[in-house]
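Undergrad: Here it is, the structure, as C-alpha cells.
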Amino acid sequence: MKNYQLRSILLVILFFLFAPTWPKVDSGQAMAVTFEPEMIADQLESANLIADIHVDSLSSVPDRSLFAKSLAKATLLKIHQSRNIDSALRENDVIEIEVAGGEIDGKGVMFSGLPRPYSGQNYRAYLNLSANNIPNRFVITGLENGLIPLSFVRASSRNRTDGSNGSGSGPFLYWDQRNLPITYSISAPSFKNKPDFVEAIEESFKPWRAYQDVLIEFVAMGCNKSTQNQNDSLNTLILVPQDWPFESTAIAVTRNFYISGEDAKAGMILDSDILLNGQNFSFTTTGESNKHDIRNIVTHEVGHFLGFGHEVAPVDENATMFASAVSGETKKRDLASNDISVLRSAYAGVGTKFDGQNLHCDVSQNTVGCLAVHSPQPQYQNYWMLLVYVILTLGLGKWIVSSQQRTQ
C-alpha cells in the first residue's frame, strides 16, 4: 500500500473519532456570476435585438448538463435596436427566449447573474440570436445586465425560487439549520500545485461565519476528485481551465440546487458548487497585474453559495455582493454593512462555531492528500454518513474495489 493511501485511511479513522456533532444532510440548482463591467458593456452594445418586452409565459424543460432550461414567450412592446436578424420584427410580435435554469418535478436550478425572467413582468432585454437557428428565438446577452426590470424594483438581495435576481414572489433560497455546518471541498485535480489558492479559498469562507448572531458555519472537508459541476451532494470549488460552459465574460459561477414547487421546504439549498473561469481569466494571491484576486472573487461567490443575489438599490459599490469586479480588486474580501444585513436577515440566531475542526486540502505535491486539524472537544456519536463522505472525497472507494479485485 502506498504511503499516501495509508495516511489517508488513518486520517479517516482519526476524523471519525474526533468529529464534531454532525447534522443530517439531505440531497436536492442556482447559479451566480461575477463579471467585468467593460466586457459586459461591449456585449450589450452589440446585441442583435434591444427591446422592451412583456413576458407572457415561462416553461421549463430538462437539460442534461444544467438540469433544466426555461423557454420564455414574450411580446415585443418597443424595439430599440434590431441588427443582423433575418425576419422583420414588429411591435406586438411574440418571440422566444432561452434561459438557463428552471424547476422540474419539485427540484430547481437557478443561475443568479444568468437571468431568468419572471412571468407577467416587463423588461428591457438585450438579446442575441439563439445558436440553434430557430426563427425568432433568442438568448439574453450581458448576463444579468441584459434583462432590466421596467415595472418593479427588486426589494431584496436574497434570491427567490421564481426569480434569479431576487425578483418574484417565491420562497427565498436558504440552507436549513439541520444542515449546518455547511461542508465544502476543494477539487484536488483543478488546484493541483496551487496551495496558495487553496489557502485563499479557505479564508474566503471566514467573513460569512464570523458573527456570533448568525447561524452560518462551514466545515472544510479537504479534497475531492470532482472536476464537474454536478448535483452530487458535494459542495465543491472547481477551477475550470478549459471548455468553460458559460458566457466567457463570467469570471465565476455558483450553482445551488434547491427544492422547488409547493413543498413546505421550497427554497432549501441541497447542493452548491463554485466554478472559477480559468479559461478566460487568470487568478492570483499576490496582487499580480491584470489578474483577479482569488480571495476577492470567492468571498463574493460564497455569498451566492448562501443564497444571496447581487446588491440592490441603494447600491454600495464597496459591498462584497456588488455585481462586478475588476482585476487587482480586493475590497470584496471583507463584508460591508449591506452584506452583513442580508446575512443577518437570512440566518439570524446564535450559531455554533467549530473553530479548528476542518480538514485541509494539501495540493502542494503531485500526490494530493488531506491534513487533519486538531479537534479540541471529541464527541462520539453516529458518524457513518460522514465517514462514507470522507472516504469518497478522498477517492479511497475506487482503491478499495481495485484491491479486492487483485486478491480474487
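The values are calculated or read from the model by the stated rules, or taken from the named source; none is laboratory data. Note that the structure is predicted; figures quoted are calculated from it, not measured. Here the Cβ positions follow ideal geometry from the backbone for every residue, glycine too, while neighbour counts run over all protein chains shown. Protein only, heavy atoms only, side chains kept; ligands, DNA and RNA dropped before computing areas. Shrake-Rupley method; radii C 1.70, N 1.55, O 1.52, S 1.80 Å.
Undergrad: In what sequence, highest mean first, do 182-189, 303-310, 268-275 appear when ranked by Cβ atoms within 10 angstrom? Intermediate values should be presented prior to the final figure.
TA: Details: 182-189: 23.0, 303-310: 26.5, 268-275: 24.5.
Peptide ranking by packing, descending: 303-310, 268-275, 182-189.
Undergrad: Let me ask something else. About its Cα centre, what dipole magnitude does the stretch 196-300 give when the only charges are +1 on Lys and Arg Cβ and -1 on Asp and Glu Cβ, stated in debye to the nearest 20?
TA: Working: 7 positive and 15 negative charges, 12 e Å.
That gives a dipole near 60 debye.
Undergrad: Once you have a ≥ b ≥ c as the square roots of the Cα gyration tensor eigenvalues for the stretch 45-121, tell me rounded if a/c is under 1.5, and otherwise prolate or oblate according to whether a/b is larger than b/c. If you can, show how the numbers build up before the last one.
TA: On the way: a/c = 2.39, a/b = 1.92, b/c = 1.24.
Since a/c reaches 1.5 and a/b is larger than b/c, the shape of the stretch 45-121 is classed as prolate.
Undergrad: Tabulate in residue order the Karplus-calculated ³J(HN,Hα) for the stretch 186-202, using 6.51 cos²θ - 1.76 cosθ + 1.60 with θ = phi - 60°, rounded to whole Hz; enter x for Gly and Pro.
TA: Each residue's phi maps through the Karplus curve to give 9, 6, 4, x, 7, 10, 4, 6, 10, x, 5, 5, 4, 4, 5, 5, 4 Hz.
Undergrad: A follow-up question, please. Calculate the spin-label point distance for Arg90 paired with Asn48, positioning each point 7 Å from the Cα along the beta-carbon direction, and give it in nanometres.
TA: Taking the simple label geometry, Asn48 and Arg90 are separated by 2.1 nm.
Undergrad: If I take R0 = 22 Å and measure r between the Cβ atoms of Glu203 and Asp316 in this structure, what FRET efficiency does the formula 1/(1 + (r/R0)^6) give, to the nearest 0.05?
TA: Values: r = 22 Å, r/R0 = 1.00.
Step by step, r from the Cβ atoms, then E = 0.50.
Undergrad: Taking the Cβ-Cβ separation of Ile148 and Thr330 as r and a Förster radius of 22 Å, what is the calculated FRET efficiency to the nearest 0.05?
TA: On the way: r = 29 Å, r/R0 = 1.32.
My answer for the efficiency is 0.15.
Undergrad: Next question, about the same structure. Please work out whether the stretch 207-335 counts as rounded, prolate or oblate from its C-alpha gyration tensor, where a ≥ b ≥ c are the square roots of the eigenvalues and a/c under 1.5 means rounded, while otherwise a/b larger than b/c means prolate and anything else oblate? Display every interim value, and only then the final one.
TA: On the way: a/c = 1.58, a/b = 1.19, b/c = 1.32.
Judged from the Cα gyration tensor, the stretch 207-335 comes out oblate (a/c at least 1.5, b/c at or above a/b).
Undergrad: Report the one residue of Ile269, Leu234, Leu335 whose Cα lies farthest in the direction of the positive end of the charge dipole of the stretch 233-346 (charges on C-beta: Lys and Arg +1, Asp and Glu -1; origin at the Cα centre).
TA: Leu335
Undergrad: Once label points are set 7 Å from the Cα along Cα→Cβ at both Asp232 and Asp176, what is their separation, rounded to one decimal in nm?
TA: Roughly 2.3 nm, to one decimal.
Undergrad: Let me ask something else about it. Across every pair of different alpha-carbon atoms, what Kirkwood hydrodynamic radius in Å does the stretch 129-251 reach? Present the calculation step by step, with values, prior to reporting the outcome.
TA: Details: mean 1/r = 0.0558 Å⁻¹.
Kirkwood radius, the stretch 129-251: 17.9 Å.
Undergrad: Another one. In debye, nearest 20: dipole of the stretch 73-230 around its Cα centre with unit charges on the Cβ of K, R (+) and D, E (-)?
TA: Values: 17 positive and 16 negative charges, 40 e Å.
Computed about the Cα centre, the dipole is about 200 debye.
Undergrad: Moving to a separate point now. Heavy atoms only, 1.4 Å probe, whole protein assembly: order Val139, Val198 by accessible area, highest first.
TA: Details: Val139 45, Val198 0 Å².
Result of the area sort, largest leading: Val139, Val198.
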